[in-house]
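The values are calculated or read from the model by the stated rules, or taken from the named source; none is laboratory data. As the structure is a prediction and not an experimental result, all values here were calculated from the model. Please note: Cβ atoms are built from the backbone with ideal geometry, for glycine as well, and neighbour counts cover all protein chains shown. Side chains are part of the model used for accessible areas, which takes the heavy atoms of the whole protein and leaves out ligands, DNA and RNA. Shrake-Rupley method; radii C 1.70, N 1.55, O 1.52, S 1.80 Å.
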Amino acid sequence: MDTEQNPSTRSSIAILSRGNPLASGNADPRNSRFADVFEALAALGIDAHPLNYDESFAEQVREQLLAVNGVLVWVNPIQDGRNRAGLDALLRDVAAHGVWVSAHPDVILKMGTKEVLYRTRSMGWGSDTALYRTAEAMRTELPTRLAAGPRVIKRNRGNGGQGVWKVEGLPTSSMIRVLDATKETPEELSLDDFLRRCAEYFENGSVIDQPFQPRLSEGVVRCYMAGDRCAGFGHHKVKALVDSPAARAEAGPRLYTSNADPRFQRLRRLMEDEWTPQMTVLLEIPRRDLPAIWDADFMLGPVQADGSDSYVLGEINVSSVHPYPSEAPAEIAQRVAERLQRKR
């Protein structure tokens, strides 16, 4: 991931996302959804241009990537029925030829899948998290965990709430109540029926099982990170997995603030000084390979003895972090400049 390439005097970066090949060459960065990133990179003397990707013209994308020093990638793991398998192979190839890739597919596999919740469960952001590699293991172990309270089941790779469920046992029935994160109404199913719905999750991955956090209706805090530094926060009341109609009615858009937001300074300190360094050691990720932009979603855990909030990690997003706080582009550009400087 850290192979060398002879950079020009002025570094060049591609910003890659899914799109029509005809749009790449004529695209105006000022009209891009990443216009603020282009502007921040230009301010640091880095040339950046938009680049669209689709499997139908992957070889053209490869050739263009081999001509730049680095690429910032914004492509979801699952989008419009397509996954990133072909793109990830392409990115590994160009990285092997010396192009800096953020986020590198190998880094995404370590920190951008739900399995990170299991691998970091011993950290301060962790919870009683289980991992199921087979449906049989889930059938055997889930009922015992449900006896202690509701659980949240998550497929290893996904976005937009796809493959996320709240599951709870029923006191007078062998059925279970399940709520799909993308829907509003729970259903009552047998365990076998629910396992059949989850069967595809095991085809190329695993399933994560976490305890449901009762304070979910109070909102989710998203901490945006540029490398190992905090780039801002987002907070919003959510509908996903919230049963109460009254609580769902309070849900609203994510509100973005800078990394100086006084409400989240304890979380910032934890992320910068403790949790991110611990994560890089546990996951064996060199700190220089942390993505130029990533985020961590936190639910509120139990209130601590001193009255402060605890935080429980719900997921880490790496593949396509957007939108983000208005202060984040400058942090992204700074991390890019630092990383390219190391390649000289």
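Of all residues in region 123-140, those satisfying the criterion of being out of contact with any helix residue (DSSP H, G or I) (no Cβ under 7 Å at 6 or more places or on another chain) and touching a residue at least 60 places away in the same chain (Cβ under 8 Å) are Gly126, Ser127, Asp128, Arg133.
Can you pull out every residue in region 275-308 that is in contact with a strand residue (DSSP E or B) (Cβ under 6 Å, 6 or more places away or on another chain), closer than 23 Å to Asp209 by Cα and either among the small types (Gly, Ala, Ser) or crowded, with 19+ Cβ neighbours inside 10 Å (or both)? If the condition is that a residue be in contact with a strand residue (DSSP E or B) (Cβ under 6 Å, 6 or more places away or on another chain), closer than 23 Å to Asp209 by Cα and either among the small types (Gly, Ala, Ser) or crowded, with 19+ Cβ neighbours inside 10 Å (or both), then Trp294, Asp295, Ala296, Phe298, Met299, Gly301 are the ones that fit.
Inside region 286-329, can you point out the residues that are assigned to a loop (DSSP other than H, G, I, E, B) and of a type in the set (D, E, K, R)?
Listed by number, the residues that qualify are Asp306, Glu327.
Looking only at residues of region 323-338 that are out of contact with any strand residue (DSSP E or B) (no Cβ under 6 Å at 6 or more places or on another chain) and surrounded by fewer than 23 Cβ atoms within 10 Å (Cβ to Cβ), we find that the one that is nearest to Tyr256 (Cα to Cα) is Ser326.
Every condition in (1) open to solvent by 30 Å² or more (accessible area, probe 1.4 Å); (2) part of a strand (DSSP E or B) holds for Phe233 except the one numbered (1). Test Tyr224 against the criterion of being buried (at least 21 other Cβ atoms within 10 Å of the Cβ), touching a strand residue (DSSP E or B) at 6+ places or on another chain (Cβ under 8 Å) and more than 22 Å from Phe34 (Cβ to Cβ), and give yes or no. Taking the combined requirement at face value, the residue does not satisfy it. For region 194-202, the condition holds for no residue, the condition being that it is assigned to a strand (DSSP E or B) and either more than 21 Å from Arg119 (Cα to Cα) or of a type outside the set (A, V, I, L, M, F, W, C) (or both).
Just to be sure before I move on: is Leu117 aliphatic (A, V, I, L, M), surrounded by 15 or more Cβ atoms within 10 Å (Cβ to Cβ) and out of contact with any strand residue (DSSP E or B) (no Cβ under 9 Å at 6 or more places or on another chain) in the structure I sent?
Working: aliphatic (A, V, I, L, M): yes; surrounded by 15 or more Cβ atoms within 10 Å (Cβ to Cβ): yes; out of contact with any strand residue (DSSP E or B) (no Cβ under 9 Å at 6 or more places or on another chain): no.
Against the criterion (aliphatic (A, V, I, L, M), surrounded by 15 or more Cβ atoms within 10 Å (Cβ to Cβ) and out of contact with any strand residue (DSSP E or B) (no Cβ under 9 Å at 6 or more places or on another chain)), Leu117 does not qualify.
Among all positions in region 39-46, there is no residue which is modelled with pLDDT under 95 and open to solvent by 30 Å² or more (accessible area, probe 1.4 Å). When region 132-148 is limited to residues that are open to solvent by 30 Å² or more (accessible area, probe 1.4 Å) and farther than 17 Å from Pro214 by Cα, the one that is nearest to the chain's Cα centre (by Cα) turns out to be Arg133.
For every residue, the table says whether it meets (1) among the aromatic types (Phe, Trp, Tyr); (2) open to solvent by 10 Å² or more (accessible area, probe 1.4 Å); (3) modelled with pLDDT of 95 or more.
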position: Glu63; (1), (2), (3): no, yes, yes
position: Asn76; (1), (2), (3): no, yes, no
position: Gln79; (1), (2), (3): no, yes, no
position: Arg82; (1), (2), (3): no, yes, no
position: Leu90; (1), (2), (3): no, yes, yes
position: Val94; (1), (2), (3): no, no, yes
position: Trp100; (1), (2), (3): yes, yes, yes
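I'm trying to understand the selection: among the residues of region 136-173, which are farther than 15 Å from Glu315 by Cβ and small (Gly, Ala, Ser)? Talk me through it step by step, then tell me what you get.
Pass one, region 136-173, residues farther than 15 Å from Glu315 by Cβ: 136-151, 167-173.
Answer for region 136-173, where residues must be farther than 15 Å from Glu315 by Cβ and small (Gly, Ala, Ser): Ala137, Ala147, Ala148, Gly149, Gly169, Ser173.
Put simply, of Arg196, Arg151 the only residue that is surrounded by fewer than 14 Cβ atoms within 10 Å (Cβ to Cβ), at pLDDT 95 or above and of a type in the set (D, E, K, R) is Arg196.
Among residues of region 106-119 that are closer than 24 Å to Pro211 by Cβ, those with a beta-carbon under 7 Å from a residue that is in a helix (DSSP H, G or I) and open to solvent by 20 Å² or more (accessible area, probe 1.4 Å) at least six positions away or on a different chain give the pairs Arg119/Leu282. Figure legend. Inter-residue proximity from region 27-45: first residues farther than 13 Å from Ser17 by Cα, second residues open to solvent by 50 Å² or more (accessible area, probe 1.4 Å) and assigned to a helix (DSSP H, G or I), beta-carbon distance below 7 Å, spacing 6+ or different chains. Indicated pairs: Ala40/Ala330.
Given the criteria out of contact with any Ser or Thr (no Cβ under 9 Å at 6 or more places or on another chain), at pLDDT 95 or above and within 20 Å of Thr120 (Cα to Cα), does Asp261 qualify? Against the criterion (out of contact with any Ser or Thr (no Cβ under 9 Å at 6 or more places or on another chain), at pLDDT 95 or above and within 20 Å of Thr120 (Cα to Cα)), Asp261 does not qualify.
Scanning region 236-274 for residues that are among the aliphatic types (A, V, I, L, M), more than 29 Å from Leu72 (Cα to Cα) and open to solvent by 60 Å² or more (accessible area, probe 1.4 Å) turns up Ala246, Ala249.
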